[in-house]
Amino acid sequence: MVKLNNSMILHVDYEVLDWMTYLQKKDIIDSFHMLARIFSPVLVIIYMSVLMFPLLREKITLPLLEVTTGYILMEFIKNYVARPRPTDMLVRAFGYSFPSAHTFEIVLVSLVMLQVAKQLIYNKKLLYLTYVTLLLVMALVIFSRLYLQVHFFSDVTAGVFLALSWHGIWGNVIEKLTKKQRNY
């Protein structure tokens, strides 16, 4: 639909961009730009690996494979759709716009980390704190992409849904593979 320039999607995209212009303040722009740099897609994968390696050691392969193959899929889609970024970006961003790589990667890594946290954290308060922290970081990164006007609303929405879909597909594949191994 984005590739076809659907008028309803474009209308929502530009309405959100217009709304973001009313919220702009120099210090907030700088803060969100720093946040976007800290949580760039490749750095998010590295952070996940560093945080999870001591906990998972030999079991880190599957989570790392999930986020890496997901990133490759997202980049393939991004280059296939080849949607230009908004013209009034507040910071310099390169590449195509759809789907948002920052959004995709932060959501996918958060989903993977939540899944691991559920298996490793038995303290309900600590688990809840982990959930809230990851949700807050996700929300800030996603909002920053819109605030900085480097993505349209449909780009970040697609990033969220692509991450959710990839995580679901990956989970089903792993479940079937592990079920098959148990049967032998």
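The values are calculated or read from the model by the stated rules, or taken from the named source; none is laboratory data. As the structure is a computational prediction, the values presented were derived from the model and not from experiment. Backbone-built Cβ (ideal geometry, glycine too); neighbour counts: all protein chains shown. Each accessible area value is taken on the protein alone, full model and side chains, heavy atoms only, with ligands, DNA and RNA left out. Shrake-Rupley method; radii C 1.70, N 1.55, O 1.52, S 1.80 Å.
Taking only the range 24-36 into account, find how many residues are surrounded by fewer than 11 Cβ atoms within 10 Å (Cβ to Cβ) and part of a helix (DSSP H, G or I).
Of the residues in that region, 2 qualify.
Considering only the range 115-125, I want to know if a residue exists there that is open to solvent by less than 40 Å² (accessible area, probe 1.4 Å), at pLDDT below 90 and assigned to a helix (DSSP H, G or I).
The answer is yes, given that some residue of the range 115-125 is open to solvent by less than 40 Å² (accessible area, probe 1.4 Å), at pLDDT below 90 and assigned to a helix (DSSP H, G or I).
Report the residue count in the range 137-156 for those that are crowded, with 20+ Cβ neighbours inside 10 Å and at negative phi. Break it down stepwise before answering.
Taking the range 137-156 and keeping what is crowded, with 20+ Cβ neighbours inside 10 Å, we get 141-142, 144-152, 154-156.
Then keep just the ones that are at negative phi; that gives 141-142, 144-148, 150-152, 154-156.
Number of matching residues: 13.
Here are the criteria: (1) under 15 Å from the mean Cα position of the chain (by Cα); (2) in a helix (DSSP H, G or I); (3) within 30 Å of Asp30 (Cβ to Cβ). Tell me which single one Ser165 does not satisfy.
(3)
Please pick out the residue among Ala158, Ala93 that is within 22 Å of Ser31 (Cα to Cα), out of contact with any helix residue (DSSP H, G or I) (no Cβ under 6 Å at 6 or more places or on another chain) and small (Gly, Ala, Ser). Can you show your working first?
On the way: Ala158 fails: within 22 Å of Ser31 (Cα to Cα).
Testing whether each residue is within 22 Å of Ser31 (Cα to Cα), out of contact with any helix residue (DSSP H, G or I) (no Cβ under 6 Å at 6 or more places or on another chain) and small (Gly, Ala, Ser) leaves just Ala93.
Just to be sure, is Phe161 open to solvent by 70 Å² or more (accessible area, probe 1.4 Å) and in contact with an Asp or Glu (Cβ under 8 Å, 6 or more places away or on another chain)?
Taking the combined requirement at face value, the residue does not satisfy it.
This table checks each residue for (1) among the basic types (Lys, Arg); (2) in contact with a Leu (Cβ under 6 Å, 6 or more places away or on another chain); (3) farther than 25 Å from Ile28 by Cα; (4) open to solvent by less than 30 Å² (accessible area, probe 1.4 Å).
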{"residue": "Thr103", "(1), (2), (3), (4)": "no, no, no, yes"}
{"residue": "Leu108", "(1), (2), (3), (4)": "no, no, yes, yes"}
{"residue": "Leu111", "(1), (2), (3), (4)": "no, no, yes, no"}
{"residue": "Val132", "(1), (2), (3), (4)": "no, no, no, no"}
{"residue": "Leu135", "(1), (2), (3), (4)": "no, no, no, no"}
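Can you run down the residue pairs with Cβ atoms below 9 Å, 6 or more apart or on separate chains, where the first is in the range 19-40 and in contact (Cβ under 8 Å) with a residue 24 or more places away in the chain and on the phi < 0 side of the Ramachandran plot and the partner is part of a helix (DSSP H, G or I) and open to solvent by 60 Å² or more (accessible area, probe 1.4 Å)?
Phe32/Leu140; Phe32/Phe143; Leu35/Leu140; Phe39/Tyr47; Phe39/Leu140
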